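The values are calculated or read from the model by the stated rules, or taken from the named source; none is laboratory data. Since the structure is predicted, the reported quantities are computational estimates derived from the model, not experimental observations. Cβ placement follows ideal geometry from the backbone for every residue including glycine, while neighbour counts extend to all protein chains displayed. Accessible surface areas use protein heavy atoms only, side chains included; no ligands, DNA or RNA. Shrake-Rupley method; radii C 1.70, N 1.55, O 1.52, S 1.80 Å.
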Amino acid sequence: MNIEYKITNTEKADLSDIFNFFEESIAYQEKNGYPAWKHYDKDVIRKDMENKLQYKIIIDGMMAMVFSVRYSDRLIWRDLDNEDSVYLHRIVVNPIFKGRKLFKVVLKWAIDHAKIRGLTFIRMDTWADNPSIIGYYETFGFTSI
């Protein structure tokens, strides 16, 4: 099934929706007994937006998902951080679009983005104690390190 979508940077007008996506995601994680973000840093989200590091996926005129990128993440990846990767962070889906496996759109974008920038790897971190989310990302070819 082909999805018509557009990926572009987020804008200040998106902040309210983005914050709602984070709050709904936290509530979903807690309700289902998953490890949950205790909070999210609105200033980090604003900074990602200002620095053009946060993107949104638009489907049928609606923001379906947001994600941020980094090109260095030494705190998490330590010696593996050799400035050869795009790191995906803070991936949050609009609850209306939950279950559509939209991560495949993020991954396709990340692969293309990495090629354009001459990067070798696409990396992300997730809850080590959440086999469900780990399994989900493994269906897209990710492996645990």
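Where does the chain land on Rg(C-alpha)/(2.2 N^0.38 Å)?
Cα Rg divided by the expected 2.2 N^0.38 Å: 1.02.
Quick one: pull the percent of accessible area on the chain belonging to carbon and sulfur, 1.4 Å probe, ligands and nucleic acids left out.
51 percent
Binning at 5 Å from 0, report for the stretch 89-145 what percent of all alpha-carbon pair distances ends up in each bin.
4, 15, 26, 26, 18, 8, 2
Report, by chain and number, residues whose modeled amide H sits under 5 Å from the one on Arg123, excluding near sequence neighbours (fewer than 5 apart, same chain).
Amide H neighbours of Arg123: Val86, Tyr87, Leu88.
DSSP H helices in the chain with Cα extent of 18 Å or more along the helix axis and mean Kyte-Doolittle hydropathy at least -1.0?
The qualifying helices are 15-31, 103-117.
Ranked highest first by average number of other Cβ atoms within 10 Å, how do 113-126, 13-26 line up?
Listed from highest to lowest mean packing, they are 13-26, 113-126.
Can you give the local net charge around Met62? Use residues other than it whose beta-carbon is closer than 15 angstrom to its beta-carbon, Lys and Arg +1, Asp and Glu -1.
-2
Summing -39500 (n - 2.57) over the DSSP H runs of n ≥ 4 in the chain and dividing by its residue number, what mean residue ellipticity at 222 nm do you reach, to the nearest 500 deg cm²/dmol?
Rounded to the nearest 500, the figure is -11000 deg cm²/dmol.
Less than 10 Å Cβ to Cβ from Lys12, Lys/Arg counted +1 and Asp/Glu -1: what total charge do the surrounding residues give?
So the surrounding residues net to -2.
Under a crude label model (7 Å from the Cα following the beta-carbon direction), how far is Gln29 from Arg46 in nanometres?
2.2 nm
Longer than 21 Å from Cα to Cα, which of Lys6/Lys101; Lys56/Lys101; Lys56/Lys98; Lys6/Lys42; Lys56/Lys108; Lys31/Lys108 are they? Say none if no pair is.
Table pairs above 21 Å Cα-Cα are Lys6/Lys42; Lys31/Lys108.
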